[in-house]
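Engineer: Below is a structure I'd like to ask you about.
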Amino acid sequence: MTKIKKSLLILIAFQAVVFLLLLLSKSVFASFETAMMSGALITMGSLYAYRNMIRARSSEVEIEDSKDVIDMMDDPYDLYEEERANEVEDIKAMIKEEKARQKQHIVENTVKNGSAWVSVYRLIPYAFLVLGFLGLQNNQMLQLLPYMVGLAVGIIVGYFLAKEWFLSI
């Protein structure tokens, strides 16, 4: 909880500095703030959605306690000398089998990963980005340079907030 309080205090201090843009112009401040919030929310939502997807996937994986195929191939004492001739053919066959298996699972993997792509945590910030841009444009308040700088700053701020809040172990 203290990490969240600390990062919120830093964010509030940063926002106080951003409010100084109001002295320059309302449109510069609005463009910068809208883009920064959009970028931060998109980054945080994306990282949160991917974190949830990885946690769900890692709980599904069963850990086997068996020797790896590579460990069997790695024979520093030549214990499997008679099998060395067949090793190259075995490796080629294994690679072909794995490629065929991966091709079969392309659609399945896409659907599994789609939950992170079409997550509410990502869609709402993207909607905020589009609607904020359109709102600024319709009110003749869009300033592209502050908007682009705000978007870049928002991505950085969002990454550090996400890392602090829910990506730490």
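The values are calculated or read from the model by the stated rules, or taken from the named source; none is laboratory data. Everything quoted here is computed from the prediction, not taken from an experiment. Every residue, glycine as well, gets a Cβ built from its backbone with ideal geometry; the counts of neighbours run over all protein chains shown.
Engineer: What pairs can you find where one residue is in the stretch 131-152 and over 19 Å from residue 43 (Cα atoms), the other is modelled with pLDDT of 95 or more and outside any helix (DSSP H, G or I), and their Cβ atoms are less than 6 Å apart, with a gap of 6+ or different chains?
Structural biologist: That search, which allows pairs on different chains as well, returns nothing.
Engineer: Let me ask another. Please count how many residues of the stretch 124-154 are over 17 Å from residue 21 (Cα atoms) and part of a helix (DSSP H, G or I).
Structural biologist: The number of residues fulfilling the criteria is 14.
Engineer: Still on this structure, please answer the following. Pull out all pairs, ordered by first then second residue, where Cβ-Cβ is under 6 Å, the residues are six or more apart or on different chains, the first lies in the stretch 12-34 and is within 19 Å of residue 142 (Cβ to Cβ), and the second is of a type in the set (Lys, Arg) and crowded, with 17+ Cβ neighbours inside 10 Å.
Structural biologist: Within 6 Å, no pair qualifies.
Engineer: A further question on this structure: Name the residues in the stretch 114-129 that are closer than 18 Å to residue 40 by Cβ and either surrounded by 15 or more Cβ atoms within 10 Å (Cβ to Cβ) or at pLDDT 95 or above (or both), would you?
Structural biologist: 119, 121, 122, 125, 128, 129
Engineer: Can I ask one more? Does residue 94 satisfy the condition of being part of a helix (DSSP H, G or I), modelled with pLDDT of 75 or more and more than 30 Å from residue 29 (Cα to Cα)? Write out each step before concluding.
Structural biologist: Numbers: part of a helix (DSSP H, G or I): yes; modelled with pLDDT of 75 or more: yes; more than 30 Å from residue 29 (Cα to Cα): yes.
Yes; evaluated as a whole, the condition is true for this residue.
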